[in-house]
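Chemist: First the structure, which I've put down as C-alpha cells, then a few questions once you've had a look.
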Amino acid sequence: MSEIEIKNVSKKYETKDGTVEALKNVSLSIEQGDIYGIIGMSGAGKSTLVRCMNFLEEPTEGQVLIKGRTLGSLSKKELRKQREDIGMIFQHFNLLMQKSVIDNVCFPLYIQGKKKKEARAKALELLEIVGLQDRAKAYPAQLSGGQKLAIARALASNPKILLCDEATSALDPQTTASILELLESINKRFGITIVIITHQMSVVREICTHVAIMKDGQVAEKGLVTE
Ligand code: ADP
C-alpha cells in the first residue's frame, strides 16, 4: 500500500477573473521512505498538489489516500488526528517571531495536550536533532534562517510524512546543502517519507529518490531520479 496516493485529482479555484484549473487529473503514488521531489515552474500547481496531501486544500475531484485511508471520507476529528502524521514546512515557515526558539517548538506540543515539562524535554530533543540545541533561548530573527527551526517544529507530532514547500529556495548553496543533508538524515534515521517542492533541479539531484515534473497543473513526467 502506498504511503500517499493521489488518484485523478483536479482542483479548480473560482476567482473574479474566472476559473483557474490548478490541478488537472493528477495521479501519483509515493511509497514509504521515498524522498519525492515535485519540480516545475511557478504556477505549475506544485503547492496546490502538496496542500491536497494533507487536505489544506480539498480536491474538486478525485481522491487522496494516506496509507489506504481516503482523506475525503474522514470526519473533522479523524482528519485532525490523521494530520498529526503529516508534518509541513511552509515556504515562509510561519514561525512565532515573538517567541523563543524552544517555545516555537513547544507550541504544537501544547496543542497536542502535553504538559510544560514534557513539552520542553521533547522540544530540546527535537532541537538537538536539527542542531539548534544551543540556540533554544534565541529568537527566530537571531537564527541565520528559519529552516531548521521549522523542521524541528514539524517533527513535534512524530510525523510519518514531511511535506516541504520550497524549503531551500532563497538560500545560499552552503546553507541549502546543510538543510538537504538534515532532511536526508531525518529520512534515513526515522524512515519519514519526504515530499519536497522545488524549482531547483540541483535539489532533486542531491537528495530525491523520485521526481514528478509538473507543468500547467499536470504531471508531465514522473519516475526514479536515477532514470
Ligand atoms: P506552484 O506551487 O507550482 O507555483 P500553485 O499551486 O501555487 O503553483 O498555483 C497553481 C495555480 O493555481 C496558479 O495559477 C495559481 O495562481 C492558482 N492558485 C493557487 N492558489 C489559489 C487560490 N487560493 N485562489 C486562486 N487561484 C489560486
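The values are calculated or read from the model by the stated rules, or taken from the named source; none is laboratory data. Since we're looking at a predicted model, the values are computed, not measured. For neighbour counting, all protein chains shown are included, and Cβ atoms are generated from backbone atoms with ideal geometry for every residue, glycine included. Note: areas computed on protein heavy atoms with side chains; ligands, DNA, RNA excluded. Shrake-Rupley method; radii C 1.70, N 1.55, O 1.52, S 1.80 Å.
Chemist: Of everything in the range 187-207 that's within 14 Å of the chain's Cα centre (by Cα) and buried (at least 19 other Cβ atoms within 10 Å of the Cβ), which residue is farthest from the ligand (Cβ to nearest atom)? Show your work before the answer.
Modeler: Filtering the range 187-207 for residues within 14 Å of the chain's Cα centre (by Cα) gives 187, 192-198.
Now restrict to residues that are buried (at least 19 other Cβ atoms within 10 Å of the Cβ): 192-198.
On the way: 192: 22, 193: 20, 194: 17, 195: 13, 196: 12, 197: 6, 198: 10 Å.
Once the filter is applied, the top-ranked residue is 192.
Chemist: Something else: Of the residues in the range 124-172, how many are among the charged types (D, E, K, R), within 23 Å of residue 193 (Cα to Cα) and in a helix (DSSP H, G or I)? Before the answer, list the steps.
Modeler: Filtering the range 124-172 down to residues among the charged types (D, E, K, R) leaves 125, 128, 134-135, 137, 148, 153, 160, 165-166, 172.
Those left that are additionally within 23 Å of residue 193 (Cα to Cα): 125, 128, 148, 153, 160, 165-166.
Now drop any that are not in a helix (DSSP H, G or I), which leaves 125, 128, 148, 153.
Final tally of qualifying residues: 4.
Chemist: Condition test on residue 105, is it open to solvent by less than 20 Å² (accessible area, probe 1.4 Å) and modelled with pLDDT of 95 or more? If you could, list the steps in order and put the result at the bottom.
Modeler: Values: open to solvent by less than 20 Å² (accessible area, probe 1.4 Å): yes; modelled with pLDDT of 95 or more: yes.
It is true that residue 105 is open to solvent by less than 20 Å² (accessible area, probe 1.4 Å) and modelled with pLDDT of 95 or more.
Chemist: Working carefully through the options 12, 7, find the one that is modelled with pLDDT of 95 or more, within 12 Å of the ligand (Cβ to nearest atom), farther than 19 Å from residue 194 by Cβ and open to solvent by 20 Å² or more (accessible area, probe 1.4 Å). Lay out the reasoning, then the answer.
Modeler: Values: 7 fails: within 12 Å of the ligand (Cβ to nearest atom).
Criteria check complete, one pass: 12.
Table: residues versus (1) touching a residue at least 60 places away in the same chain (Cβ under 8 Å); (2) under 21 Å from the mean Cα position of the chain (by Cα).
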position: 6; (1), (2): no, yes
position: 9; (1), (2): no, yes
position: 13; (1), (2): no, no
position: 61; (1), (2): no, no
position: 65; (1), (2): yes, yes
position: 76; (1), (2): no, yes
position: 86; (1), (2): yes, yes
position: 111; (1), (2): no, yes
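Chemist: Here are 177, 167, 119, 123: which of them is buried (at least 21 other Cβ atoms within 10 Å of the Cβ), closer than 25 Å to residue 47 by Cβ and of a type in the set (A, V, I, L, M)? Walk me through it before giving the result.
Modeler: Numbers: 177 fails: buried (at least 21 other Cβ atoms within 10 Å of the Cβ); 119 fails: closer than 25 Å to residue 47 by Cβ; 123 fails: closer than 25 Å to residue 47 by Cβ.
Exactly one residue qualifies, and that residue is 167.
Chemist: Looking at (1) open to solvent by 40 Å² or more (accessible area, probe 1.4 Å); (2) over 30 Å from residue 226 (Cβ atoms); (3) within 14 Å of the ligand (Cβ to nearest atom), which is the one condition that is false for residue 43?
Modeler: Only one criterion is unmet by residue 43, namely (2).
Chemist: Continuing with the same structure: State which residue is nearest to the ligand (Cβ to nearest atom) when the search covers only the range 60-87 and only residues that are under 18 Å from residue 36 (Cβ atoms) and open to solvent by less than 30 Å² (accessible area, probe 1.4 Å).
Modeler: Checking each candidate, the answer is 64.
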